[in-house]
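Here's the structure we're looking at; comments come further down.
The values are calculated or read from the model by the stated rules, or taken from the named source; none is laboratory data. All values reported here derive from a predicted model rather than from experimental measurement. All Cβ positions, even for glycine, are placed from backbone atoms using ideal geometry, and neighbour counts span all protein chains on display.
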Protein chains: 4
Amino acid sequence: MSTGRAEAFSDGVFAIAITLLVLSLKLSGTGSVKDQLLAAWPQYLAYVVSFLTIGIMWMNHHTILANVQRVDRPLLVINLLLLMGVVVIPFPTILVAQHLTDQGATAAVVTYGLVMIAISLGFAGLWIYVVTRGPALGATLPPEALRQSIPGFTGGLIAYVLATLIAFFPPPGPSAAVIIFGLLAVYYLFEHLPSPADDGLRPGDVGTGP
Amino acid sequence: MSTGRAEAFSDGVFAIAITLLVLSLKLSGTGSVKDQLLAAWPQYLAYVVSFLTIGIMWMNHHTILANVQRVDRPLLVINLLLLMGVVVIPFPTILVAQHLTDQGATAAVVTYGLVMIAISLGFAGLWIYVVTRGPALGATLPPEALRQSIPGFTGGLIAYVLATLIAFFPPPGPSAAVIIFGLLAVYYLFEHLPSPADDGLRPGDVGTGP
Amino acid sequence: MSTGRAEAFSDGVFAIAITLLVLSLKLSGTGSVKDQLLAAWPQYLAYVVSFLTIGIMWMNHHTILANVQRVDRPLLVINLLLLMGVVVIPFPTILVAQHLTDQGATAAVVTYGLVMIAISLGFAGLWIYVVTRGPALGATLPPEALRQSIPGFTGGLIAYVLATLIAFFPPPGPSAAVIIFGLLAVYYLFEHLPSPADDGLRPGDVGTGP
Amino acid sequence: MSTGRAEAFSDGVFAIAITLLVLSLKLSGTGSVKDQLLAAWPQYLAYVVSFLTIGIMWMNHHTILANVQRVDRPLLVINLLLLMGVVVIPFPTILVAQHLTDQGATAAVVTYGLVMIAISLGFAGLWIYVVTRGPALGATLPPEALRQSIPGFTGGLIAYVLATLIAFFPPPGPSAAVIIFGLLAVYYLFEHLPSPADDGLRPGDVGTGP
């Protein structure tokens with residue numbers, strides 16, 4: 001299968017999962033609409049963190065697949081397991097949105113963290129597979145260049161574990177963990193993987209073609 | 001990354017967000033189905049206004065990206081922030097659909113207006129970035145031509161602010177604001193940005209190619 | 001804009017609207033799961049009719065756009081209005097699924113019929129525009145050939161009006177109307193528009209290329 | 001119609017159906033969030049089984065269509081009927097997620113099994129049509145090669161029937177049936193159809209092109 005079709009399906013899943021996050025925004029309770037809107041700040045926080053997370057996962061997913069020219073069956077299976085985690089994200093997002101300020105905060109944020117850890121493992125697996133199988137999949141970078149980026153990329157995994165542990169502390173532990181999840185999304189925004197498609201696209205440079 | 005992939009992901013998000021608007025149509029309350037259907041007119045109004053708004057945002061989003069041949073990381077981030085606003089639209093749409101005729105009308109419509117203002121800022125940011133970085137991104141129009149369109153494009157932003165202020169007036173203030181949101185969508189339909197792809201496609205002309 | 005992008009966005013909307021139909025399947029009430037499943041037959045009927053309807057609308061939408069090589073702004077607006085009807089379909093589908101066997105059957109089915117009539121008008125408008133503006137949009141068939149198909153295509157509109165009127169009769173009037181909606185979907189399946197892409201693809205023929 | 005467009009629409013439907021599975025994850029009941037999360041294991045099981053099933057159906061759907069160069073009207077109709085089953089999957093998934101541990105387990109799992117049987121019939125129909133009409137659709141493999149794979153492919157159908165019958169046994173009959181559904185997804189992962197696009201993409205081989 002060409003990379004294009006696997007990417008198109010993955011893009012669709014990312015786009016739908018990111019759009020379903022709006023379902024985590026839902027007023028419930030009593031009082032005026034204004035009061036309910038103001039009290040719903042955990043929903044906005046959870047929405048923003050999850051939106052940035054999925055959005056940046058999408059960018060890095062593209063960067064990974066941009067290194068290969070075709071995909072094989074094992075890569076499709078790893079990709080499917082990865083997407084199984086991405087699709088779940090709206091579920092812990094709703095949990096966090098609803099329980100960040102009540103007794104269930106730790107359980108909600110830990111669930112969120114476990115999903116993120118699972119997805120990080122999926123990304124690590126996808127990337128390691130691409131590095132290992134690079135030449136057979138038509139990778140255009142030398143294996144060494146790819147291998148060098150493993151520490152930086154999988155390093156985020158440890159950060160997700162630590163943030164999840166912080167959620168076990170009493171308030172504002174869970175809220176702090178959610179903010180760290182948001183910062184991790186921003187981290188992955190800047191610390192990204194090598195991509196042939198990114199050559200010449202850094203600010204100040206002129207690209208050589210699409 | 002080529003413009004194509006960024007567009008495909010954005011198109012997916014626009015298409016899903018516009019389709020999720022149907023979730024704002026939901027009968028609730030008492031009385032016969034016919035009475036409930038007739039009483040649900042704020043839902044239909046909110047649906048139509050939001051549908052036209054997202055649909056025309058999609059067209060203008062395409063027009064903006066049609067000016068560049070590739071996208072860089074900062075543009076992707078601006079685009080992601082813009083989409084974060086677009087995806088939210090079903091939330092204030094449901095608010096307006098449910099509260100346009102009760103005490104919460106002002107709060108609901110102001111929320112709607114704030115989302116529109118945020119999206120307008122995102123569009124302005126995207127457009128200004130394309131204008132500023134045009135040559136490096138392979139823009140095919142001279143920067144001057146692009147720059148001239150900034151006033152007309154960002155002018156809508158001020159209109160959104162004014163309409164939001166109108167929602168603070170007592171009824172029919174909120175309803176009037178919603179109608180203005182609808183008219184703004186129609187405004188953007190006709191007052192659009194320059195696009196190389198639109199050359200020769202105006203009524204009466206014969207296009208030169210796809 | 002090339003036809004490809006308008007089709008991709010439209011395809012996305014059709015695909016999402018058809019998939020959201022699953023939301024019309026929802027057990028509610030009392031009794032065992034088995035009894036609820038058996039009592040939910042109006043949901044299955046509504047699902048099948050709406051699924052076939054949207055699916056065949058998608059095919060015919062493709063056939064229409066296959067006749068032109070590019071799209072202009074007015075065509076995009078007509079297309080957007082058409083999609084505004086398609087996206088709504090899950091709403092009357094849920095109404096019919098919930099009320100086909102109670103007092104609200106007529107109101108539910110009439111709502112369904114009105115949406116179908118609106119969509120038929122949208123399709124007629126799209127087709128008439130393509131016929132009228134054919135040469136400027138790069139239509140590959142002579143205008144006469146296109147024009148001949150208007151009666152057959154818009155004839156379904158009258159059938160939708162008649163079926164909607166039948167829903168005003170006492171039971172089984174509403175159920176009969178829903179079955180007619182289903183038969184109309186099958187009708188559009190066989191009585192389709194001319195398409196350059198369909199040449200040579202009829203059973204027994206060998207196609208000349210993709 | 002070219003295979004590409006039929007695939008793009010089908011891919012969209014698969015991607016949305018797989019993403020809507022997250023709606024089967026929803027806490028309800030009483031007790032702490034932690035207790036609710038632990039008690040929700042049938043939801044996780046149902047989610048994983050359905051996710052793998054749809055994901056692998058997507059892969060095999062691609063493999064089938066990769067054998068033809070274009071599609072005709074009958075193939076589109078068979079494909080639409082197949083998708084009508086795929087889109088339904090979230091409905092029995094939610095049923096199983098909610099009732100696997102109560103009195104409705106058998107009814108829920110049998111519903112799930114019936115949907116799977118219907119989809120299997122759809123896949124068998126699609127594949128048989130492709131085999132029979134292969135040359136006219138530009139199939140690149142000899143008809144004999146395609147025909148040989150019918151037994152293995154449709155064999156899963158019998159397995160689905162058997163698993164559905166097991167759901168009639170008292171507990172843990174229904175749970176066992178769900179696990180068999182999961183194993184069948186894994187079976188289809190390895191036992192796949194011949195595809196021209198897969199040539200040279202097995203582990204250890206070097207592909208010849210995208």
Condition set among the small types (Gly, Ala, Ser) and over 20 Å from D:Ser120 (Cα atoms), scope the stretch D:161-175, selection modelled with the lowest pLDDT: answer is D:Gly173
Taking first residues from the stretch D:173-186 that are among the aromatic types (Phe, Trp, Tyr) and second residues anywhere that are assigned to a helix (DSSP H, G or I), the pairs with Cβ under 8 Å that are 6 or more apart or on different chains are D:Phe181/D:Val49; D:Phe181/D:Thr53; D:Phe181/D:Tyr112; D:Phe181/D:Gly113; D:Phe181/D:Met116; D:Phe181/D:Tyr160; D:Phe181/D:Ala163
If you go through B:Gln69, B:Gln98, the only one that is at negative phi, touching a Gly at 6+ places or on another chain (Cβ under 9 Å), more than 7 Å from every other protein chain (Cβ to nearest Cβ) and not small (Gly, Ala, Ser) is B:Gln98
Counting only residues in the stretch D:11-31 that are closer than 17 Å to D:Pro90 by Cβ and of a type in the set (S, T, N, Q), the one modelled with the lowest pLDDT is identified as D:Ser28
Within the stretch C:66-87, residues buried (at least 22 other Cβ atoms within 10 Å of the Cβ) and within 16 Å of the chain's Cα centre (by Cα) come out as C:Asn79, C:Leu80, C:Leu82, C:Leu83, C:Val86, C:Val87
Exercise for review: Kindly establish whether B:Val48 is of a type in the set (A, V, I, L, M, F, W, C) and under 18 Å from C:Ile89 (Cα atoms).
Suggested key: yes
Checking D:Val77, D:Val86 in turn, the sole residue that is in contact (Cβ under 8 Å) with a residue 60 or more places away in the chain, within 27 Å of D:Gly138 (Cβ to Cβ) and of a type outside the set (S, T, N, Q) turns out to be D:Val86
Is it the case that the stretch B:158-172 has a residue that's within 14 Å of chain A (Cβ to nearest Cβ), surrounded by 23 or more Cβ atoms within 10 Å (Cβ to Cβ), in contact with a Pro (Cβ under 9 Å, 6 or more places away or on another chain) and in a loop (DSSP other than H, G, I, E, B)? yes
- With respect to D:Gly138, determine if the residue is within 14 Å of chain C (Cβ to nearest Cβ), modelled with pLDDT under 85 and on the phi > 0 side of the Ramachandran plot. yes
*Can you spot a residue in the stretch A:25-40 that is among the basic types (Lys, Arg) and facing chain B (nearest Cβ under 7 Å)?*
yes
Here the residues within the stretch D:1-25 that are without any contact (Cβ under 8 Å) to a residue 24 or more places away in the chain and either closer than 17 Å to D:Val48 by Cβ or in a loop (DSSP other than H, G, I, E, B) (or both) are D:Thr19
Condition set more than 28 Å from B:Phe181 (Cβ to Cβ) and modelled with pLDDT of 80 or more, scope the stretch B:118-135, selection surrounded by the fewest Cβ atoms within 10 Å (Cβ to Cβ): answer is B:Thr132
Going through the stretch B:41-63 in order, the residues found to be in contact (Cβ under 8 Å) with a residue 60 or more places away in the chain, hydroxyl-bearing (Ser, Thr, Tyr) and more than 9 Å from every other protein chain (Cβ to nearest Cβ) are B:Thr53
By my count, helices (runs of 4 or more DSSP H) wholly in the stretch A:32-117 with at least 2 residues that are at pLDDT below 95 and within 23 Å of A:Phe9 (Cβ to Cβ) are A:41-65, A:73-88
Across the stretch B:1-19, the tally of residues that are surrounded by 21 or more Cβ atoms within 10 Å (Cβ to Cβ), within 8 Å of chain C (Cβ to nearest Cβ) and either aliphatic (A, V, I, L, M) or in contact with a Cys (Cβ under 7 Å, 6 or more places away or on another chain) (or both) stands at 3
Among the residues of the stretch D:84-94, the number that are aliphatic (A, V, I, L, M) and more than 7 Å from every other protein chain (Cβ to nearest Cβ) is 3
